[in-house]
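Okay, structure first, notes after.
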Amino acid sequence: MFKVLVLRELYALSDEQVEYLIVDRLSFQRFLGIDLTQDAPDYTAIWRFRERLGAARMKALFEELSAFIDVAGFEARKGQMLDASLVQKPKTRKPVEPKDGAPALTRQQAAHRDGEANWTQKHDRSYFGYKSHIN
């Protein structure tokens, strides 16, 4: 159960979010040693464990874990997302809301525009779409 708290801390997740991601991600299940046929701990079990552990003991355990990580030559940073991926969308030539003086979009044109997708760069390449990650 301590490994669940490690995931919770590293990714800055709530108890509900870490429960969902344990069920959703094979990488989390492998890290926790959970088989596909096993049930993941629910958020109330995570919360009860964290409360029973207490802030002082949890801090001491994380300091000890940090020392082991340092001795092994690794670095763990909070919020580090290792598996973020991009979800590409077709490029939009016309904005969702036209500028002053520009003709308004028809209903069909507006339905095909994605006003929430953005441009981003990854490895010196530009992408239009969404970032798929937790944080």
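Here is how the numbers come out for the structure above:
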quantity: Phi-based couplings in Hz for region 20-26 (Karplus 6.51, -1.76, 1.60; Gly and Pro marked x); calculated: 4, 6, 5, 6, 7, 10, 5
quantity: Top positive-direction residue, dipole computed over region 2-71 with Cβ charges, set ALA12, TYR43, PHE68; calculated: PHE68
quantity: Cα gyration tensor shape for region 2-71, rounded if a/c is under 1.5, else prolate or oblate; calculated: oblate
quantity: Near-label residues of region 41-70 by backbone N, under 14 Å of a point 7 Å along Cα→Cβ of GLU16; calculated: 43-44, 47
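Where a number appears in this text, it was derived from the coordinates with a stated rule and is not lab data. It should be emphasised that the depicted structure is a prediction, and the values quoted were computed from it without experimental measurement. Heads up, the Cβs are rebuilt from the backbone with ideal geometry, glycines too, and the neighbour counts pull from every protein chain shown.
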